[in-house]
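Engineer: Below is the structure I would like to discuss, written out as structure tokens.
The values are calculated or read from the model by the stated rules, or taken from the named source; none is laboratory data. Bear in mind that the values here come from a model prediction, so they are computed numbers and not experimental data. FYI the Cβ positions are ideal-geometry reconstructions off the backbone, even for glycines, and counts take in every protein chain you see. Surface areas here come from the heavy atoms of the whole protein model, side chains and all, with no ligands, DNA or RNA. Shrake-Rupley method; radii C 1.70, N 1.55, O 1.52, S 1.80 Å.
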Amino acid sequence: MAFNDFFAGEIATELLKQLLSISRKSCLCKSSADNLITSIEELLPIINEIKYSGVELSAIRQSQLDRFSETLRGGLELARKVLASGRWNVYKNLQLARKMERLEKQVSRFVSGPMQAHLLADVHHMRFETMERFDRLEGRLEQRLNSMKIGAGGWVEEAVKRMEVEEEAGLGIFNGVGLDLGKSKVKKMIIGRDDLNVVGICGIGGSGKTTLANEICRDNQVRSYFNNRILFVTVSQSPDLQQLRARIWGFLTGNEAMGYTNNLFVPQGKLQCEWGSGPRTLVVLDDVWSLSALEQLIFRIPTYKTLVVSRFKFPTPVVNEVYNVELLREDESLSLFCHSAFGQEWIPPTANETLVKQIVHECKGLPLALKVIGASLRDQPEMYWASAKKRLLRGEPICESHENKLLERMAISVEYLNKKVKECFLDLGSFPEDKKIPLDVLINMWVEIHDIDEEEAFAILVELSDKNLLTLVKDPRVGDAYSSYYEICVTQHDVLRDLALHLSNQGDVNERKRLLMPRRDTELPREWERNTDRPFNAQIVSVHTGEMREMDWFRMEFPKAEVLILNFSSNEYFLPPFIDDMPKLRALIVINYGTNEAIFENFSVFTNLANLRSLWLEKTWVPQLTNPTVHMKNLRKLSMVLCKVNNSFNPSVIDLPLIFPRLSELIIDHCHDLIKLPSSICEVNSLQSLSITNCHRLCELPADLGMLKKLQILRLYACPELKMLPPRIGELIGLKYLDISQCFNLRCLPGEIFRLASLEKIDMRECSQIVSLPPQTALSNMKSLRRVICDDEVSWQWRYLEKTNPNLYVQVAEKCYSLDWLDG
């Protein structure tokens, strides 16, 4: 049957009528009938349009459409049988319903597959005829232009070259500095991997992503591979998606010369077509800000590749593989900076080499920072350079150009965030540059001041990492339900930290939400001292000094402060008296970056911290807590890292339940003078999480550990001198997680462990002395156990439990060694 005869026979129209009747009368076939109605109603306008176009079809296309004609004819017969079938003939109606479902799938496959391919073929046919017309028109234009003594090719080529030169100047491209490695990796993804349809370039703002994408588009090998069929599209934050889709579709189908913007012919939704093949095509989507926009701009068609350029990381199913732009090396940074500052690749003899290198170091390999700051300092005297270095060290813009071209451009990434995530980003300016920030500190701070829980805080952290606004240290434990955040850190590029400081330090100093010292100094900022006549309304206060004595502080009032961060480097430290004037303080973070543990003076200020909920002490002597001195009735979390703690919990002079009546989490990490965990801890009945980790001299746990009835998490990670667990550990009826990994001298699991009915996970990797487990009959009582991480030598004993507990997963651990914690 001919194609036109098929459409003239009104088969589709008649079938529609029958399907409408079925939808009203047959319950079993209603769903299939409704779906078929939708498909055929979408198909009919296209059928009529092709019918009256007079297009002569090829034999292959005619054959495909003839077969579809027979499918619809069979569907018409099937519809008549459905309507003729009696209501009570259940078996026959079920058979007819299955046949209707098969018909629905056949029609759907044709509409989404071959029909889309036919439309593409028609469009290409139109393109050929259109280009012929344009060739004739171009000939006439060239004749006219020649009469004006302007070559048609000449002025076009000149304009294009001029535009490229201006673009390169704007991008600041300099002999491909730092681009070779990136070009090689991205080219391999684009022209060396047929299995990758969508690839990406990702990095922080100003890292050279767009520059790299432009270099890819100009590369001769890439242009040859795609036969110059390359489209560069800037998406931006508020794109007109319909117009962009039309532009991309027009380019793919060859109708961009017509100013193709008619959305009527652009396939809706996500087009994925596996039919046929066309010319190789590369579409670059630059400055993509959202996943929803990206999904609407991707057309998954064979031989068509998409290169996505974004500050954000998109999921793998959408972007198959990503190149993360690497920052410049020291020599590359210096070359790029000198090009902007001096117009040459090296430091001229008349310049101060030390000063130049110090400023380059502050840029931390970020191309945009190197170009902008270098250009800002061009032809300036040495005193101006020295002043600029000091301002950079304080996280301040060195001039209006630096502020507008670098910080304001970087700020675009932050302005796009929702309010709560933006506030969390700005909080990162509270920590010293070039230092790792403990994840636990961040999450505790965010929980206390932003009224969120730990899960939401972690989700915000991941979002900031995905948007390249911080770097989350890659650790397989990150995100695990029982992961210990205090062993995980985040880092941030200095320019991003400067941006956080720049945005936080605007406005009246007494009214700022964050009162921050950008770098370590010997004294407090004079700006603070000049404004002590009024209260400071900051919510977060961050101080970064060396050794501080009593006379170095001055009185300040902080009626709204909820977080205080004390960063210092010294062996002695007088705690600031203004802690007394922080009635709402909820989180106190004290970190010593010196070589030895610092001794506190003025510890009496802790007596007024009635509202304190979280206390983090790092590399300090922990003072001996005595009942009259300290009373922290609302403290929920106490963390002591790299501290001297052995005399802090002397049971003869301390009543821990009285001092910490609501303590729910206690962390003692890398405290090497801890030999015996004091029994007084067992009296803190509110304790839910106890972590004693990396304490290499700990050899004994209190016998009364079982008194902690509310304890859910017990971590004893990397305590190599610990030889046994107390028998009463079986009384921890609420325990859900037990970590005894890297306790190399631990000889066995106590027989009472089977009484831990609530235990869900146990980590006992690298416990080489444990070669046998308690009897299987006893272990089988641990019905809640879901996951065991252990060494291969003992794994077979745990696998016996899998027979009685189908929900149990036994994981054989890989040995992993890390000294990252040493790199402060």
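Engineer: Taking region 570-585 on its own, how many of its residues are outside any loop (DSSP other than H, G, I, E, B), open to solvent by less than 40 Å² (accessible area, probe 1.4 Å) and touching a strand residue (DSSP E or B) at 6+ places or on another chain (Cβ under 8 Å)?
Structural biologist: Looking only at that region, the number is 3.
Engineer: Now for a different question. Mind listing whichever residues of region 312-331 are assigned to a loop (DSSP other than H, G, I, E, B) and under 12 Å from GLY182 (Cβ atoms)?
Structural biologist: Hits for region 312-331 are VAL325, GLU326, LEU327, LEU328.
Engineer: Here's a follow-up. Go through region 664-686 and give me each residue that's part of a strand (DSSP E or B) and open to solvent by less than 20 Å² (accessible area, probe 1.4 Å).
Structural biologist: Answer for region 664-686, where residues must be part of a strand (DSSP E or B) and open to solvent by less than 20 Å² (accessible area, probe 1.4 Å): LEU666, ILE667, ILE668, ASP669.
Engineer: Any idea which of (1) in contact (Cβ under 8 Å) with a residue 40 or more places away in the chain; (2) under 17 Å from ASP286 (Cβ atoms); (3) open to solvent by less than 30 Å² (accessible area, probe 1.4 Å) is the one SER236 doesn't satisfy?
Structural biologist: (3)
Engineer: Something else: Does region 282-292 hold any residues that are free of Cβ contacts under 8 Å to residues at least 60 places away in the same chain, open to solvent by 10 Å² or more (accessible area, probe 1.4 Å) and outside any loop (DSSP other than H, G, I, E, B), and which are they?
Structural biologist: LEU291, SER292
Engineer: A follow-up question, please. Of the numbered conditions (1) in a loop (DSSP other than H, G, I, E, B); (2) surrounded by fewer than 19 Cβ atoms within 10 Å (Cβ to Cβ); (3) in contact with a Ser or Thr (Cβ under 8 Å, 6 or more places away or on another chain), ALA375 fails exactly one; give the number of that condition.
Structural biologist: For ALA375, the failing item is (1).
Engineer: In this structure, is ARG697 in the same structural domain as MET764 (by the TED database) and more than 20 Å from LYS619 (Cα to Cα)?
Structural biologist: no
Engineer: Now a separate question. Taking region 298-311, which residues are more than 20 Å from ASP194 (Cα to Cα) and at pLDDT 85 or above?
Structural biologist: SER310
Engineer: Is it the case, given these coordinates, that LEU722 is assigned to a strand (DSSP E or B), under 39 Å from the mean Cα position of the chain (by Cα), buried (at least 22 other Cβ atoms within 10 Å of the Cβ) and at negative phi?
Structural biologist: no
Engineer: So if I check each of ARG329, ARG300, which one is basic (Lys, Arg), open to solvent by 40 Å² or more (accessible area, probe 1.4 Å) and touching a Leu at 6+ places or on another chain (Cβ under 7 Å)?
Structural biologist: Residue meeting the stated conditions: ARG300.
Engineer: Let me ask something else about it. Can you report the number of residues in region 183-202 which are open to solvent by less than 40 Å² (accessible area, probe 1.4 Å) and in contact with a Ser or Thr (Cβ under 9 Å, 6 or more places away or on another chain)?
Structural biologist: The qualifying residues number 5.
Engineer: Here's a check for you: in region 165-204, which residue that is of a type in the set (S, T, N, Q) and closer than 21 Å to LEU328 by Cα is modelled with the lowest pLDDT?
Structural biologist: Among those residues, the one meeting the criterion is ASN175.
Engineer: Now a separate question. Report the residue count in region 687-717 for those that are open to solvent by less than 50 Å² (accessible area, probe 1.4 Å) and either closer than 15 Å to LEU759 by Cα or under 35 Å from the mean Cα position of the chain (by Cα) (or both).
Structural biologist: 16
Engineer: Here is a further query. Taking PHE554, is it farther than 18 Å from ALA610 by Cα, assigned to a loop (DSSP other than H, G, I, E, B) and open to solvent by less than 10 Å² (accessible area, probe 1.4 Å)?
Structural biologist: No: the conditions fail for PHE554.
Engineer: For the subset of region 332-350 comprising residues that are in a loop (DSSP other than H, G, I, E, B) and either on the phi > 0 side of the Ramachandran plot or touching a Phe, Trp or Tyr at 6+ places or on another chain (Cβ under 7 Å) (or both), which member is least open to solvent (accessible area, probe 1.4 Å)?
Structural biologist: PRO348
Engineer: Quick check on my filter: what residues within region 738-762 are assigned to a strand (DSSP E or B) and open to solvent by less than 10 Å² (accessible area, probe 1.4 Å)?
Structural biologist: LEU738, ILE762
Engineer: Quick one: ASN228 ticks every box in (1) at pLDDT below 80; (2) at positive phi bar one, so which box is it?
Structural biologist: (1)
Engineer: Mind checking which residues of region 524-551 are open to solvent by 90 Å² or more (accessible area, probe 1.4 Å) and in a loop (DSSP other than H, G, I, E, B)?
Structural biologist: ASP533, ARG534, GLU547, ARG549
Engineer: Hey, another quick one. Could you list, in sequence order, the residues of region 558-569 that are buried (at least 18 other Cβ atoms within 10 Å of the Cβ) and part of a loop (DSSP other than H, G, I, E, B)?
Structural biologist: PHE558, ALA561, GLU562, SER569
Engineer: Still on this structure, please answer the following. If you take the residues of region 396-428 that are at pLDDT 90 or above and of a type outside the set (A, V, I, L, M, F, W, C), which of them is least open to solvent (accessible area, probe 1.4 Å)?
Structural biologist: Only one residue fits best here, namely ASP427.
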